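I have placed the structure first, in the form of structure tokens, so that the comments after it can refer back to it.
What follows draws every value from the coordinates through simple rules; no lab data is involved. It should be emphasised that the depicted structure is a prediction, and the values quoted were computed from it without experimental measurement. Note: ideal-geometry Cβ built from the backbone for every residue, glycine included; neighbour counts use all protein chains shown.
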Amino acid sequence: MYEDFYRAFEDKYRGSREVIKKRLEVYLPFVLPLKEIYPNSVAIDIGCGRGEWLELLGDNNIRAKGVDSDSGMLDGARELGLDITLNDGIEYLSNQESNSAFIISAFHLVEHLSFDNLMKLVKESHRVLVDGGILILETPNPENIKVASETFYLDPTHIKPIPYGLLSFISEYNGYKRNKHLRLQENKDIDNQLFVNVGHIIEGVSPDYSIISQKDGDIEKISVIDEAFNLEYGLSPLMLVEKFEARMLHLENRLFQAEETINNQDMRINKQNILIDNQNILIDKQKFSIEQNKFYINKTLFKIQKTEHNANLAQETANNAHNMIAQVQIAIQTAQDGVDYLVKYTKDIDRLAHHTMNSLNNLKNSYSWRSISIFERVLRKIKQKIKRLIVSIPIKEDIIKERPIEESPMEAYINIESPRAKEIYENLNHR
């Protein structure tokens with residue numbers, strides 16, 4: 001009923017013949033050196049399916065036989081004319097002669113077997129292999145989280161994943177000399193990347209692995225594949241974790257550098273802020289100094305205004321004083337003019353008095369003394385007039401005292417030898 005199901009399933013999920021053949025080339029470094037030792041020996045592929053491995057061996061001039069219990073899977077192999085047998089693989093091995101094959105292989109078969117059949121497969125293969133021959137068992141890799149949790153269960157004929165540790169121990173338990181662990185079909189881009197992410201850890205581990213178990217034998221036969229045994233294959237979880245850790249360290253370093261840069265920037269910013277604060281302090285000091293200067297300027301302006309006001313008052317006072325001085329000068333000039341007039345007038349009186357006295361002397365000499373009373377009255381009038389003139393002039397007495405007098409009235413009577421004339425003069429003075 002389901003004869004064609006598995007072939008259709010393999011075609012969809014396993015890949016094309018060309019892809020599978022390309023993947024299987026990884027085993028040629030193990031096979032070709034043994035071919036040189038056993039050129040006429042045969043290679044047996046258990047569960048050969050479409051026959052990709054048989055075809056690759058034929059391409060390298062290796063005689064190969066295949067066996068599979070699924071007739072539908074063998075249709076592709078028949079079309080290529082490959083040497084195949086429809087049979088149970090373990091039963092087929094049980095019918096092979098001991099030490100008759102130098103390679104026995106089973107690709108993606110062991111996950112379909114019960115533990116008992118797996119043990120029989122490994123044990124019978126050891127019997128059929130020649131000395132130094134190898135058993136190749138390939139299976140899905142449960143180290144890959146996606147494979148172990150999802151893709152392994154896409155095939156409904158899978159029983160359970162088989163870890164490498166178990167398969168390796170079964171090989172050792174059945175007498176194989178040594179085992180080689182190959183991780184396979186990983187993404188080469190991930191392998192070449194320096195760093196990986198969590199997604200790579202989940203899906204990036206090699207999705208398949210194989211174990212190559214070599215049967216004991218002469219050292220020359222065993223050592224021919226030492227070079228292939230010494231190589232490392234595929235991506236392990238540890239390798240991806242290390243790549244991830246390297247990425248984390250790289251990110252941590254970048255973060256540290258970024259933090260250091262930020263800290264340096266913060267330090268620079270703090271320094272700039274300190275400089276800005278210092279500048280602000282200086283600015284505040286300048287502002288305070290400016291305000292002080294403004295205060296002093298306003299104070300000075302006030303003093304200047306006050307001084308100007310005082311100066312205006314002083315100017316006004318000076319102008320008033322100047323006016324008063326001018327008035328005093330006018331008064332002084334008026335008084336001086338009065339004094340000059342009085343002096344001149346006094347001089348005229350003196351001259352008149354002198355002339356009068358001379359006239360009296362002449363009269364004395366020429367007239368009778370009876371006219372003396374007339375002259376006495378004349379002189380009295382003259383003296384009274386002089387006193388009235390002096391009293392009417394508003395001038396200080398010391399000014400009059402300081403004016404020069406050319407000749408005193410006394411001198412005008414000095415030549416009057418008459419006692420009566422002297423008496424008249426004295427009377428005039430007392431009046």
Residue identified as closer than 30 Å to ALA148 by Cα, in a helix (DSSP H, G or I) and among the charged types (D, E, K, R) among GLU245, GLU259, GLU220: GLU245
Condition check for PRO140: buried (at least 17 other Cβ atoms within 10 Å of the Cβ), without any contact (Cβ under 8 Å) to a residue 60 or more places away in the chain and within 60 Å of the chain's Cα centre (by Cα): no
Answer residue from the range 223-255, given it is among the basic types (Lys, Arg) and surrounded by 13 or more Cβ atoms within 10 Å (Cβ to Cβ) and is farthest from VAL31 (Cα to Cα) among those: ARG247
Search result, residues across the range 167-199 that are closer than 26 Å to GLU150 by Cβ, exposed (fewer than 14 other Cβ atoms within 10 Å of the Cβ) and among the hydrophobic types (A, V, I, L, M, F, W, C): VAL198
